[in-house]
Amino acid sequence: MKTVEEIKAAIEAAGVVPSGGAAVEIVHNGSPSGQHSLRLDPAYAVEVAKFLRDDADLSLDFLSNATGVDWPDKEISEKVKVTRPVTRTVDGPEGKVEETSEETVEETRKHTQPGYLEAVYHLFSMAKKHGPVIIRMRTVNRSDQVELPSLTPIWRSAEFQEREIFDLFGIVFTGHPDLRRILMWDGFKDHPMRRDYVDPDDFEYEPTPHDEVLLRANAHRAASASPEGTAAR
Amino acid sequence: MSTSINTVAETAVSPEREVGWNRPRTVETEGEVLEVAMGPHHPSTHGVFRMDVALDGERVVRLKPVFGYLHRNHEKLAEGMTYLASMPFTDRLDYICSLSNNWALALSVEKLAGQEVPERAQYLRVILAELTRIVNHASSVGFLIQEMGASGTPLMYAFREREKILDLFEALTGSRMMCNYMRFGGCRVDASAAWLDATRKVVAALPAFADEFERFLCSNEIVMARCQGVGILKPELAINAGVTGPLLRASGVNYDIRKVDHYGIYDRFKFRVPLGDHWDIYDRFMVRLLELRESIGILEQALKDIPAGPVMDAKAKIRGFRPKPGEAYGRVEAPKGELGFYLISDGGPNPYRYRVRPPSLINLTILEDMCLGENLADVVLIFGSVDIVLGEVDR
């Protein structure tokens with residue numbers, strides 16, 4: 001089994017990604033499990049995935065687990081030492097005067113680290129019986145740029161799992177053949193696995209299928225002459 | 001109404017779709033297309049599960065599984081509690097095989113925190129996991145026969161044996177189904193000598209049960225007529241679709257995580273991995289019966305070799321358990337397939353991310369592929385041969 005460094009080198013040697021760039025990054029794992037992962041640039045992800053599946057040495061033909069992780073905006077406060085002019089009023093021989101001197105003071109600065117959503121895939125090889133190779137991708141943010149390329153065309157087992165990520169985390173997989181909610185009902189609006197999700201008070205409320213909900217529900221049904229789903233006349 | 005026929009053909013497979021190479025690109029229908037919602041309250045669905053089926057006469061031209069009726073967001077719940085507090089919740093995933101689920105979570109957390117497990121606890125885990133496998137395979141075969149129309153009796157043969165094993169679980173863990181037995185770094189309580197003797201007795205009677213089960217069912221004309229050559233799943237598709245467990249091995253792919261990962265102490269036991277030849281329902285049913293026999297073999301070896309000693313690692317920390325920041329993915333060969341837990345720790349007492357890789361859900365990905373072109377009555381059998389539990393599909 002190759003290490004993540006060797007896999008990264010193999011991906012770059014195969015010319016799938018421009019070499020020297022940040023298209024494939026190694027993410028180290030501090031846990032004793034020692035399962036390090038590769039972060040892929042979404043622009044090259046499908047090509048890299050194809051390479052990982054088809055390369056004779058790796059032949060990662062089995063995508064075992066696909067899941068999402070939510071990393072919300074993080075407010076980081078750090079203490080920094082700054083040197084700046086400080087003006088003080090001091091008693092001089094000719095009364096009070098203003099004196100300015102350079103002083104070093106400690107200041108707390110806050111900045112927000114923007115959050116993102118992450119998709120994590122665990123790959124194994126059934127042919128070579130090795131694994132796991134872990135690949136992950138990040139979205140740009142958590143609100144309006146949440147698209148990632150779907151790996152379902154490479155590994156069919158991502159089909160339901162990516163639907164689940166879409167449902168619970170809200171990552172939109174472009175190129176997925178059938179992207180719709182899988183566990184929550186069709187009329188549901190939010191993404192419950194996000195860390196800032198708040199349960200509604202009436203969480204047992206379930207819209208009955210009529211009006212707008214019915215229209216949405218019908219979009220997922222097989223087309224039929226009778227929209228209520230009764231036998232075709 | 002030719003329009004409805006055409007739309008079915010278009011929606012079944014979108015033209016740019018590369019996946020599913022045993023799925024026909026267009027489904028040609030001869031007559032009217034009839035939509036049937038099988039479930040959520042249907043006796044064959046093993047719980048609340050719906051299949052939206054489009055039928056051309058008796059033939060299935062489209063099938064969409066719909067689930068989520070039992071969804072309680074187990075993952076979210078687990079992220080709000082300590083690692084150990086999710087242990088009883090894992091019993092409720094696949095409630096037939098609670099001890100395999102316990103082991104999967106324990107294994108992942110042990111990987112995450114780098115914990116050791118004492119010898120005796122390893123043996124106890126193997127014994128309990130294999131007993132669970134026997135319970136699952138016997139009852140899933142029993143259910144399959146029931147779905148074929150043999151109401152009650154064959155299932156009761158399986159359940160008679162299951163009762164004996166559940167009594168053993170109750171004696172050891174205090175509960176028949178919700179066992180909550182394993183801990184990070186060992187097991188909760190030690191097994192007494194009397195319990196081991198009782199287990200030996202039950203295991204000694206199991207080969208006769210397997211013989212009886214096989215004699216009654218395998219050469220049965222109806223079973224053969226209904227199962228052979230139906231619901232074929234090609235190995236290439238099975239691998240690509242992430243199918244695991246007996247369903248994968250019935251498609252002829254030699255992949256058993258007990259053999260691949262050697263987790264626990266599985267490298268010490270001699271057992272074979274049964275594989276299917278024809279990739280149909282009958283093979284799945286036979287693979288389960290043969291695996292049941294192999295499990296009996298593992299049990300005999302484990303019960304012979306089990307050493308004395310502690311069942312809990314003395315260094316294992318129960319209170320104030322905070323693994324170092326990092327992540328781990330651990331998996332076991334549960335009776336239904338690969339059950340994995342993916343955990344991310346941020347150094348706190350609760351997991352930052354807790355993910356269950358449910359074999360039942362992922363094995364359903366190819367349900368439509370297996371059912372297309374088959375009769376509606378066979379859908380029930382094909383679905384039964386996948387062997388799912390809705391508690392795990394919906395989580």
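Every number here is computed from the coordinates shown, using simple stated rules; none is lab data. These numbers come from a predicted model, not from an experiment. Glycine gets a Cβ as well: all are built from the backbone with ideal geometry, and neighbour counts include every protein chain shown.
Some points to look at:
- In chain B, the longest principal axis of the Cα atoms and the axis of helix B:119-147 are about 20 degrees apart.
- Here is the size of the protein assembly as shown from its Cα atoms: Rg then Dmax, 27.5, 118 Å.
- Converting the Cα gyration tensor eigenvalues of chain B into ellipsoid dimensions via √(5λ) gives semi-axes, longest first, of 38, 26, 17 Å.
- Peptide B:326-334, shielding by other chains (average Cβ, 10 Å cutoff): 5
- Note on chain B: GNM, Cα springs under 10 Å; of B:LEU155, B:LEU34, B:LEU93, the largest mean-square fluctuation is that of B:LEU34.
- Applying a threshold of 31 Å to the alpha-carbon distances of A:LYS79/B:LYS76; A:LYS129/B:LYS324; B:LYS76/B:LYS201 flags A:LYS79/B:LYS76; B:LYS76/B:LYS201 as lying beyond it.
- Dipole magnitude for chain B: about 1640 debye, using +1 per Lys or Arg Cβ and -1 per Asp or Glu Cβ, origin at the Cα centre.
- Rounded tilt (10° steps) of A:4-13 against the dominant C-alpha axis of chain A: 70 degrees
- Sparse-neighbour loop sites [trypsin sites (Lys or Arg not before Pro); region B:287-360; at most 10 other C-beta within 10 Å; DSSP]: B:LYS315, B:ARG319
- Computed log10 I(q)/I(0) for region B:26-133 at 0.13, 0.23 Å⁻¹: -0.70, -1.22, from the Debye equation with unit scatterers placed on every C-alpha and solvent omitted.
- Among A:GLY34, A:GLY131, A:GLY21: highest mean-square fluctuation, GNM of chain A, C-alpha pairs under 10 Å: A:GLY34
- Counting only aspartates and glutamates at least 8 places from A:LYS8 when in the same chain, those with an alpha carbon closer than 14 Å to its own are A:GLU25, A:ASP41, A:GLU47, A:ASP55, A:ASP57.
- Pairwise FRET efficiency - A:GLU94 versus A:ASP199, Cβ, R0 = 56 Å, nearest 0.05: 0.20
- Among the trypsin sites (Lys or Arg not before Pro) found in region B:49-132, those both in a DSSP coil and sparsely packed, with 16 or fewer other Cβ atoms within 10 Å of their Cβ, are B:ARG72.
- If you run the Gaussian network model on chain A, springs between alpha carbon atoms under 10 Å, then out of A:PRO177, A:PRO93, A:PRO72 the most flexible one is A:PRO93.
- Computed over region B:290-395, the convex hull of the alpha-carbon atoms projects to a mean area of 10.4 nm².
- Loop-located trypsin sites (Lys or Arg not before Pro) in region B:184-271 (DSSP state other than H, G, I, E, B) with a sparse environment of at most 12 neighbouring Cβ atoms within 10 Å: B:LYS270.
- Shape call, chain A: gyration tensor on alpha carbons, a/c limit 1.5: oblate
- Per-residue shielding of A:150-161, expressed as the average number of other chain Cβ atoms within 10 Å of the residue Cβ, stands at 6.
- Rounded Å value of the spacing that divides the Cα centres of region B:316-331 and region A:41-64: 30 Å
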